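Please read the structure below before turning to the comments.
The values are calculated or read from the model by the stated rules, or taken from the named source; none is laboratory data. Bear in mind that the values here come from a model prediction, so they are computed numbers and not experimental data. Virtual Cβ from ideal backbone geometry, glycine too; neighbours counted across all protein chains shown.
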Amino acid sequence: ENLREELADCCAWIGALANLFDIDLEAAFLEKYPLVCPTCEKNPCICTD
């Protein structure tokens, strides 16, 4: 239970910092982790491995 509270606190801090620095978290996340396979860069993945 304590871990859940700590993770929630971390999320709250990240949200607060993003707000303070006027960062769009969704855009930043999608820029870093686009909704494609990191290997073939397709969605859905077409890798054969």
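For the reader, a short list of remarks on this structure follows.
- Criterion violated by LYS42 - all others in (1) exposed (fewer than 10 other Cβ atoms within 10 Å of the Cβ); (2) charged (D, E, K, R); (3) modelled with pLDDT of 95 or more satisfied: (1)
- Here the condition is being among the hydrophobic types (A, V, I, L, M, F, W, C), assigned to a helix (DSSP H, G or I) and surrounded by fewer than 10 Cβ atoms within 10 Å (Cβ to Cβ); of LEU35, LEU17, LEU3, LEU7, it holds for LEU3 alone.
- Pairs where the first residue, in the range 2-27, is free of Cβ contacts under 8 Å to residues at least 12 places away in the same chain and the second is assigned to a helix (DSSP H, G or I) and β-branched (Val, Ile, Thr), C-beta under 8 Å, 6+ apart: LEU25/ILE14
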